[in-house]
Every structure is written in structure tokens, then in C-alpha cells.
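The values are calculated or read from the model by the stated rules, or taken from the named source; none is laboratory data. Values in this document were obtained by computation on a predicted structure and should not be read as measured data. For neighbour counting, all protein chains shown are included, and Cβ atoms are generated from backbone atoms with ideal geometry for every residue, glycine included.
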Amino acid sequence: MMLLDDKQYPYLNIKIKDSLEIKQTYRVSKNSEFNIYYGPYPQSHLFKFVKILQRIFLYNQGLLIKDKPKMYWIEKFNTLKEILKFKNNDFNNLLKEKMLAAADNLNFEAAIEYQKALEFISQFKEKQIIEISKYKNYDVFSFEEKNESIAIFYMLYIYGVQNIFQRKIIENYDSLENIISNFLKEFYKNKALPDNIILDYKYKDLNLDLDFKSKIIFPQKGINHDLIKLANENNNSGYESYLNQKIILEQHKLNLWKNLASELFLDKLNSIFIFDNSHFNNSSPIASCICYTNAENTASICFF
């Protein structure tokens, strides 16, 4: 992912001195055997990712690892170097395990940090595809059916530079053809068309109701195939993060509901009504009521 000015964005630096160091830095020198830089990356994304790497590689049960021989740190360094190639999902699976374990232990802050680390990997895995033509604009759309939902992820390349990426979840859809057709119609309603719109080859036989079908390609190989493959990977990983976040938030909500019942000295809390009233200069009175049942907002009972 190319950024406007590399000097404004930090790098991830891993190196060995007396021990392994993992840090965010703006000062970059040449890579050497035990001093490697990755990036640049947007600051907010990298900061959270560095914290996770430090927690996993530099700490044991919350305590900083000390007094280890250099070979111990070299092994850690080499392991981390392989992880940062993102060639397999082993590290992703480890992060998912830690995220779910943190959620089970009600450590929701840590669970969200692990989720953010997963999103970082998803967004920047194999982030530079340098063979893209510098003279064309590509829009890459991934559509994946997930149970009763459609997960959508798209990346826009302007003269070979990834300019925008976004994701969206559509639930309770009628047909894949309609979803893709309607989504692309709406997307380009007020946008200029690119040189090419890239979709997965598995959708080549869909009867898409579009006036610009000549712009759509379904690559089977080459750099365009690599682009849709990367978009699909991001889409699938992002959907997993979306589901995991829903689980974490649902657990958090239910625990808050149980705590509220405990504060009210109740064994079980079914519904709670919240009333408020006010007025302006002793006139124009107004009142409102909201209701929650089993931790869910009961919209039909809310009124003003």
C-alpha cells in the first residue's frame, strides 16, 4: 500500500541487541541480518499491532522476559520474521484463539486489541502488488455468500496505487445476481467508471443487469487474478472479524445485563423501563420512555 509521503508514516522495526526489540519508528536505515524494517503503515493501525507483537514475543504471563541467551532471541526473531511474511494463517489462528480466550475471561479490551491485529493483517497482507499498470485504474470487488448474508469488500486502484478499500455486510438478500447488479449500479451512480472492474471468475456466468458490462473482467491468472484473490482474502478475513466482534459485544452486553440485575438485587431481569420528563420555562412539558427486554431495545414500547 503506497502512502502519500513515507516520512509521515511509521515503520515496524524488529532487531536484536541484547534482546529482541519490536517497535514503531519513523527513522529508517538499511535492513541487515538482525535489523529489519516493514512499512510504511498508517499510525493508528501499526501502534495496536506492535502492542500485540510485544505482548506475545517479549512477555510471559504478563512479565517482561529477561536474562535469556542471544540464541533464544535469535529464534524469536526468525519466528517473527516468518510471521511477517504472512505466508500462512498460523499466526492468525493464534490471534483468534487469544481473542476468544480474552472474551471468555471478560477481558474485552484485550479481545478487541487482538481483533484489531487481525484486521491489520487482513488489510496489509501482501499489500504491494507492484506489477499493476501505472497507466490504468482498476476497481476490484469481492462478493462472498455467507449463510444468509453477503460480504462485500472492494479496493480501488488509481494508476497502480491502492487508494480506497471498504467492506460491507448485506443481510437477508434475495439473489446474488441482484445484489451484485444493484450494488455496482449504486456505486457508479455518481462516479466515473475505471478502465476495468474486476470480479471473481466464478461469477462470469451471472446475468448482471448493468449498462457497463464491457468494463467487467473475470481474470483466471496474472496480476488481475492476484488482485481479486487478495480482495477475497480480505473479505473472508474481515467477515470472520465481524462475526467475532458480534460475539464479543453480545457477551459484553449480556454481562452488563446480569450486573444490572445484581445491582437491583434480582435473580433475573426480564425488562426495564426508563422514564424521563422535562419542560421549557415551566411550560411545554415533554416525557419519554424507553424499554429494554433481555438486554435488547424494545422499539415498539418506546414513546415520547
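Across the stretch 93-116, the qualifying residues are those that are among the polar types (S, T, N, Q) and free of Cβ contacts under 8 Å to residues at least 12 places away in the same chain, and the one among them that is surrounded by the most Cβ atoms within 10 Å (Cβ to Cβ) is Asn107.
Selection over the stretch 199-242 of residues that are without any contact (Cβ under 8 Å) to a residue 24 or more places away in the chain, assigned to a helix (DSSP H, G or I) and surrounded by 13 or more Cβ atoms within 10 Å (Cβ to Cβ) gives a count of 2. Evaluated against (1) closer than 16 Å to Glu144 by Cβ; (2) without any contact (Cβ under 8 Å) to a residue 40 or more places away in the chain, Tyr188 falls short on exactly one condition, (1). Just so you know, in the stretch 123-181 the residues that are assigned to a strand (DSSP E or B) and polar (S, T, N, Q) include one that is modelled with the highest pLDDT, and it is Ser142.
Filtering the stretch 1-45 to residues that are at pLDDT below 80 and either of a type in the set (A, V, I, L, M) or part of a helix (DSSP H, G or I) (or both) leaves Met1, Met2, Leu3, Leu4, Asp6, Lys7, Gln8, Val28, Gln43, Ser44, His45.
State all residues of the stretch 12-30 that are aliphatic (A, V, I, L, M) and buried (at least 19 other Cβ atoms within 10 Å of the Cβ); if no residue qualifies, say none. Selection gives Leu12, Ile14, Leu20, Ile22.
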